[in-house]
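Below is one structure, written out as structure tokens; the observations come after it.
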Amino acid sequence: MTRLSGRLRAAALPALAVALVGGVLGLQLANGGGHYVPLRPTDSCVSRPVNSVATGIDALTEELVLVGLDDAACQLGMSREAFTLQIAQPGARTDAQINALRTGLITAVGTLKADGKLPKASQLVREAVDQSDLSSFRKAAIRAIPDVLIDKTLTTDDVLRRTINDLDLRMLLGNLSDRHAMTVQVDAAVTKAVMERLADDLH
Amino acid sequence: MRPADLATETDIPARSRGSMSRVGAALLAVTVGCVLADSAVVTLALPEILVRLHTTVGQVAWVLIAFNLVLALVARPAAGFYRRRDPAVLSALGIAVFAGASAACAVAGSLDVLIAARSVQAVGGAFAIVGSLQLLVNQLSEHRGTAWWIAAGVFGTAIGPTAGGLLTDWFSWRSIFIVQVPIAVLAVPSALAMRRKKGQALADDEPRDRVRIRPNIALALLSAALTAALFLFVLLLVDGWRRSPAVAAVTVAVVPLAALFTRPLVRTLRAGPLAQTTSGCLLIAGGLTGLALLPSAALAWTIGPQALVGLGLGLTLDPLSLQAMDGRRPPTLHGGWTIAARHAGVVLGLAILTPVFTADLRAAQSPAEDAITALVLDAPLAPQDKTTLAGGLADQLKADRGRVPDLDPAFARLNVPPVEEATKAQLERDLNNQLQRAATHAFRNAFLIGAALALTAMLSLIPLRRRGER
């Protein structure tokens with residue numbers, strides 16, 4: 001009897017220790033302990049919805065860029081986030097990165113067109129003109145062209161594809177911190193795309 | 001004749017002598033606590049030292065490593081000196097060196113000077129604590145003197161990080177060393193007042209008992225594990241979760257508070273020494289595993305694991321030190337071995353854990369950056385605001401490379417319309433949450449290694465063959 005109580009006494013503290021450790025760890029695991037890790041990037045090859053708070057041409061650009069980044073990252077077998085961080089770093093971007101980005105943006109144009117998200121060319125042109133650095137005379141001249149004529153002559157996806165193909169993406173990425181320089185560069189590319197399209201029609 | 005008996009041979013009236021010896025003994029015990037607190041007292045100051053002295057995490061760890069390494073190396077040889085010299089004189093000298101080196105630490109202008117001063121501080125500290133043991137034994141009795149010495153050491157070890165954190169927050173990291181100077185200076189005359197009387201025996205005349213290996217090994221392994229608990233947890237709080245040193249100090253106070261409950265617990269359960277020490281090791285291992293498996297960065301979640309560590313600390317350090325020292329002669333020799341084992345354990349812990357968590361912290365950078373990028377790209381903000389914010393965050397990540405970045409400046413620079421202010425604030429919270437997740441995850445392996453060290457200590461205590469035990 002004395003030996004038994006002695007053994008029980010000897011086991012009481014270790015048993016309490018096991019119970020306390022089990023209780024604390026059990027409570028932690030039940031509340032997500034062990035899963036408190038950073039957000040894992042989703043698969044760039046799986047399409048995801050883009051919810052933009054912007055409107056008009058800004059929303060279109062944002063959606064185009066986000067869908068394009070996904071596609072480019074998917075081509076290179078990496079996450080959208082890793083690809084974004086790579087191309088956002090100052091310094092030289094590889095040909096593979098630039099080509100993937102261009103292809104991704106062009107694919108994004110097709111995706112948005114298929115989803116019916118591309119605005120009419122007239123709407124795109126009017127907003128682009130409003131935001132551009134063109135002279136007042138030129139702006140007035142373009143605004144004078146009827147929407148029907150613009151929409152008959154131009155298609156949004158074609159203008160966007162031409163713009164993307166013509167853009168110097170290396171320079172654009174280098175201008176990420178300079179909004180004005182980016183706008184000037186994109187304006188020039190859009191204008192050139194429109195002019196080329198008109199020239200093609202005249203031929 | 002025992003030194004304790006010899007010490008009573010004096011002409012001072014008994015009552016006056018008694019109160020003087022108690023004050024002197026208390027001052028020596030405080031000094032012992034102070035020296036042993038120094039092992040971990042700067043832990044909470046390390047992030048500030050890291051910034052002020054422009055150094056890296058790996059280099060700043062040497063402020064801790066140097067002190068513990070020198071203390072481990074010098075404690076045993078210092079005990080040898082006490083066999084042939086008057087302990088009062090050597091102790092006073094050690095305490096004076098400790099005080100001078102503490103002052104040098106307080107004014108150090110570079111990391112090299114600080115590490116050098118910490119090394120000298122450890123040499124003085126080694127002589128101070130080993131000598132104080134002999135003087136406490138002489139003044140009180142062998143058992144009471146040893147018990148006072150152990151209790152002072154455990155108290156200092158447990159309270160060190162909290163005291164250091166509060167001082168760093170209220171004043172600066174230098175104040176940690178400044179407050180030690182007067183404490184040590186007061187103890188010098190106390191030690192000298194206990195000088196050997198003519199004819200009083202030296203420790204050299206005493207027989208030498210064999211060193212108890214098992215409790216010393218367990219102490220070394222547990223000290224390594226406790227380093228994980230204190231050093232790493234404090235770094236996680238201050239550097240990973242960006243809490244102030246004062247908040248971190250109050251948080252880690254759970255450990256010494258929980259340690260206070262062990263005495264009534266042991267008394268109630270009437271547990272034997274083996275049950276105490278094995279349970280203590282298990283609790284420390286469990287607490288460290290708990291710190292490795294935190295469900296969030298909320299401070300409330302750290303209370304349970306810390307309480308386990310504190311209970312474990314109270315159940316192990318005191319009885320293991322007693323097992324290693326009590327009744328062993330001469331006390332200075334066994335005290336020296338115990339100090340050497342404990343601080344070699346701290347060095348072992350730092351040597352194993354520092355490269356692990358610094359590598360894990362580096363590895364955590366990429367997932368954290370990915371998570372932040374994902375949140376910024378998908379944030380319900382205007383595209384131009386996202387671009388501006390991304391630029392600011394990139395600058396901040398670059399500036400804080402190698403450390404958990406402070407995102408506040410990037411958000412402070414971002415001007416958004418009033419309607420987007422709530423979104424901006426939510427995004428900042430989300431990004432900080434991702435950083436906390438990455439930092440917490442980065443410390444996981446180091447905490448688990450600490451837990452493994454505590455379990456190894458437990459295994460080293462379990463007797464393999466009962467017959468061989470005497």
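The values are calculated or read from the model by the stated rules, or taken from the named source; none is laboratory data. Bear in mind that the values here come from a model prediction, so they are computed numbers and not experimental data. Because the Cβ atoms are built from the backbone with ideal geometry, glycine has one as well, and the counts that use them run over all protein chains shown. SASA here: full protein model, heavy atoms, side chains in, ligands and nucleic acids out. Shrake-Rupley method; radii C 1.70, N 1.55, O 1.52, S 1.80 Å.
What to note about this one:
- Partner chain coverage, peptide B:297-310 - average Cβ within 10 angstrom: 2
- Pairs of Cα atoms in segment B:109-189 fall into 10 Å distance bins, from 0 up to the last occupied one, in shares of 15, 40, 33, 11, 1 percent.
- Rounded to the nearest 10 degrees, the inclination of helix B:111-139 to the longest alpha-carbon principal axis of chain B is 40 degrees.
- The C-alpha radius of gyration of chain A, expressed as a fraction of 2.2 N^0.38 Å, stands at 1.74.
- Protein accessible surface hidden between B and A, which excludes ligands and nucleic acids, total in Å², probe 1.4 Å: 3600
- When both segment A:16-41 and segment B:241-286 are represented by their alpha-carbon centers, they are found 19 Å apart.
- Accessible surface calculations at 1.4 Å, restricted to protein heavy atoms, place segment B:209-298 at 34 Å² per residue.
- Reducing segment A:96-169 and segment B:374-438 to their Cα centroids gives an inter-centroid distance of 31 Å.
- Positive-end extreme of charge dipole, the protein assembly as shown - chosen from B:Q323, A:L27, A:L69 (charges on Cβ): B:Q323
- Rg(Cα)/(2.2 N^0.38 Å) for the protein assembly as shown, N = residue count: 1.30
- The charge dipole of the protein assembly as shown, taken about its Cα centre with unit charges on the Cβ of Lys, Arg, Asp and Glu (plus for the first two, minus for the last two), comes to roughly 4180 debye.
- With all projection directions averaged, the alpha carbon convex hull of segment A:157-203 covers 3.1 nm².
- One chain, two ends: A:R179 and A:S135. Fully extended at 0.36 nm per residue, the span grows by 13.9 nm beyond their Cα-Cα distance.
- Of the three principal axes defined by the Cα atoms of segment A:61-154, the extents in descending order read 47, 31, 18 Å.
- The percentage of C-alpha pairs in segment A:118-203 whose separation is greater than 23 Å is 21%.
- Global geometry of segment A:122-166, whether rounded, prolate or oblate, following the gyration tensor of its Cα atoms and the 1.5 cut on a/c: oblate
- Under conditions of 4 °C and 1.567 mPa s, segment B:122-245 yields 74 µm² s⁻¹ as its translational diffusion coefficient, taking Rh as the Kirkwood radius over Cα pairs in the Stokes-Einstein equation.
- Where only DSSP H runs of four or more residues are counted, chain A gives -23500 deg cm²/dmol as its mean residue ellipticity at 222 nm, each run worth -39500 (n - 2.57).
- Residue-normalised convex hull volume from the C-alpha trace of segment B:356-470: 124 Å³ per residue.
- The residue among B:N433, B:Q396, B:M458 whose Cα reaches farthest toward the positive pole of the charge dipole of segment B:333-460, with charges on the beta-carbon of Lys, Arg, Asp and Glu, is B:M458.
- Residues of segment A:60-109 that bury at least 20 Å² of accessible area once all protein chains are present, compared with their chain alone (1.4 Å probe, heavy atoms only, ligands and nucleic acids left out), are A:E62, A:L66, A:R80, A:E81, A:T84, A:L85.
- Note on B:H143 and B:A26: the extension gain reaches 40.5 nm, defined as 0.36 nm multiplied by sequence separation minus the Cα-Cα distance.
- Reduced Cα scattering model of chain B, Debye log10 I(q)/I(0), q = 0.07 Å⁻¹: -0.40
- A:K117 contributes an accessible area of around 100 Å² to the protein surface, as traced by a 1.4 Å probe with all chains present.
- Net charge of neighbours whose Cβ lies under 10 Å from the Cβ of A:L112, counting Lys and Arg as +1 and Asp and Glu as -1: -1
- The eigenvalues of the Cα gyration tensor, multiplied by 5 and square-rooted, give segment B:397-456 an equivalent ellipsoid with semi-axes of 35, 13, 5 Å from largest to smallest.
- Kyte-Doolittle at least 0.0, axis length at least 24 Å by Cα - qualifying DSSP helices, chain A: A:2-30, A:56-76, A:95-114, A:179-202
- Label separation (B:A399 vs A:A82): 2.9 nm, computed from points 7 Å beyond Cα along the C-beta direction.
- Remark: segment A:56-114 carries 40 Å² of accessible area per residue (probe radius 1.4 Å; ligands, DNA and RNA excluded).
- Distance between modelled label sites at B:A412 and B:L375, nm, 7 Å Cα→Cβ extension: 1.9
- Estimated from helices alone, the mean residue ellipticity of chain B at 222 nm is -25500 deg cm²/dmol (sum of -39500 (n - 2.57) over DSSP H runs with n ≥ 4, per residue).
- Under 12 Å, Cβ to Cβ, from A:D147 - net charge with Lys/Arg +1 and Asp/Glu -1: +3
- Cα gyration tensor shape of segment B:198-345, rounded if a/c is under 1.5, else prolate or oblate by comparing a/b with b/c: prolate
- The phi-based Karplus calculation (6.51 cos²θ - 1.76 cosθ + 1.60; θ = phi - 60°) puts the 3J(HN,Hα) values of segment B:322-332 at 5, 4, 6, 10, 4, x, 8, 10, x, x, 4 Hz, whole numbers, x for Gly and Pro.
- Once the chain from A:A188 to A:D166 is taken as fully extended at 0.36 nm per residue, the excess over their C-alpha distance is 7.0 nm.
- Point-to-point label distance, B:I213-A:A19, nm (Cα→Cβ direction, 7 Å offset): 3.8
- Lys, Arg +1 and Asp, Glu -1 on Cβ, resulting dipole of chain B about Cα centre, debye, nearest 20: 2120
- Longest to shortest principal axis, alpha-carbon extents of segment B:258-377, angstrom: 68, 33, 17
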